[in-house]
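Undergrad: Quick one: the structure is below, and I'll ask about it shortly.
The values are calculated or read from the model by the stated rules, or taken from the named source; none is laboratory data. Predicted model, so just to flag it, every value in this text is computed and none were measured. Note that each Cβ is placed from the backbone with ideal geometry, even for glycine, and that neighbours are counted across all protein chains shown. Side chains are part of the model used for accessible areas, which takes the heavy atoms of the whole protein and leaves out ligands, DNA and RNA. Shrake-Rupley method; radii C 1.70, N 1.55, O 1.52, S 1.80 Å.
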Amino acid sequence: MGRTAALVPAAGRGERLGPGTPKALRQLAGVPMFVHAVNALTESRAVDLVIVAVPPASVDEVSALLVQQQFSADVSVVAGGDTRPESVARALIGLPADVDVVLVHDAARPLVPPELVSAVVAAVRQGHLAVVPGVAMVDTVKEVDAQSDVTSTPSRATLRAIQTPQGFTREVLQAAHAALDADETEITDDAGMVERMGVVVHVIPGHEEAFKVTRPIDLILAEAILAKRRAAGAV
Ligand code: CTP
Ligand code: MG
């Protein structure tokens, strides 16, 4: 059995969060968001090494922050790209030869429970080539046309909101990235690329604390969850 790596795309600007520091470097409970994410990955014990892709201008700052931390896995930093798939591709380049399972986890999902990380790795090791966590939709989802007129309402029972970490065999993830056209802009997750190759992507139960910090209101939720964990003695 090979080792398991986690790639952490953390190179986005966080435009929906508003002006300021790049999102992954914004602090939650005094700790940068990407550090929370890396902690959750390494605490699962299912991850042997982590590669974080950060804004090119932040590589030195992030490297300095990481040496101050004590992680139970090797953590390294690369310069990310202009799009999420590019950032993941750049992290993939440095993957050691003995890695056979790869997770991709958004730095913007800092509160993912370590148990969810372990469950994704376990499902890949049990034989699924691609595994994603998913939760039931809360809202009804409608498809609209260019005029904002509704064209269809898919049955909510068949829909899942998909989170990260997403897990893949190394071969599948590398093939999906090799097949991607550089000018594609609609790609929002790695599983989407894998599906287009005709590989079945398996959904396991996700977790509400694996939500993505996207808008200012999400910061309030994240701080509240961290305060609750602190009160419970979990951090
Ligand atoms: N990401 C990345 N490289 C990019 C763009 C995004 O590594 N060029 C990462 C983000 O840092 C984040 C994850 O992909 O951890 C999910 O992206 P998203 O939530 O959209 O983050 P941002 O792109 O930073 O936010 P926004 O779209 O609001 O600017
Ligand atoms: Mg984005």
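Undergrad: Would you mind finding the one in 228, 212 that is touching a residue at least 40 places away in the same chain (Cβ under 8 Å), open to solvent by 30 Å² or more (accessible area, probe 1.4 Å) and not hydrophobic (A, V, I, L, M, F, W, C)?
TA: None of the other options fit; the residue is 212.
Undergrad: Please find, within the stretch 1-27, the residue that is nearest to ligand 1 (Cβ to nearest atom) out of those that are in contact with a Leu (Cβ under 6 Å, 6 or more places away or on another chain) and open to solvent by less than 20 Å² (accessible area, probe 1.4 Å). Step through it out loud before you land on a result.
TA: Taking the stretch 1-27 and keeping what is in contact with a Leu (Cβ under 6 Å, 6 or more places away or on another chain), we get 5-6, 23.
Still in the running and open to solvent by less than 20 Å² (accessible area, probe 1.4 Å): 5-6.
Values: 5: 16, 6: 13 Å.
The qualifying residue nearest to ligand 1 (Cβ to nearest atom) is 6.
Undergrad: Starting from the stretch 147-158, take each residue that is over 16 Å from residue 135 (Cβ atoms) and open to solvent by less than 90 Å² (accessible area, probe 1.4 Å) and list its partners that are modelled with pLDDT of 95 or more and assigned to a strand (DSSP E or B), counting only C-beta distances under 6 angstrom and pairs at least six apart or across chains.
TA: That search, which allows pairs on different chains as well, returns 150/144; 151/143; 152/143.
Undergrad: Restricting to the stretch 33-57, name every residue that is in contact (Cβ under 8 Å) with a residue 12 or more places away in the chain, open to solvent by 10 Å² or more (accessible area, probe 1.4 Å) and within 16 Å of ligand 1 (Cβ to nearest atom).
TA: Selection gives 36, 39, 55, 56.
Undergrad: Related question: Can you confirm whether the stretch 65-82 contains a residue that is surrounded by 24 or more Cβ atoms within 10 Å (Cβ to Cβ), touching a residue at least 60 places away in the same chain (Cβ under 8 Å) and within 12 Å of ligand 1 (Cβ to nearest atom)?
TA: yes
Undergrad: Filter the stretch 83-112 for residues that are more than 28 Å from residue 27 (Cα to Cα) and either within 14 Å of ligand 2 (Cβ to nearest atom) or surrounded by 23 or more Cβ atoms within 10 Å (Cβ to Cβ) (or both) and give the result.
TA: Scanning the stretch 83-112 gives a single hit, 101.
Undergrad: From the list 24, 53, which residue is among the hydrophobic types (A, V, I, L, M, F, W, C), under 25 Å from residue 217 (Cβ atoms) and within 16 Å of ligand 2 (Cβ to nearest atom)?
TA: The conditions single out 24.
Undergrad: Let me ask something else. Out of the stretch 40-91, which residues are over 15 Å from residue 7 (Cβ atoms) and either in contact with a Phe, Trp or Tyr (Cβ under 7 Å, 6 or more places away or on another chain) or of a type in the set (Asp, Glu) (or both)?
TA: Correct list: 43, 60, 61, 82.
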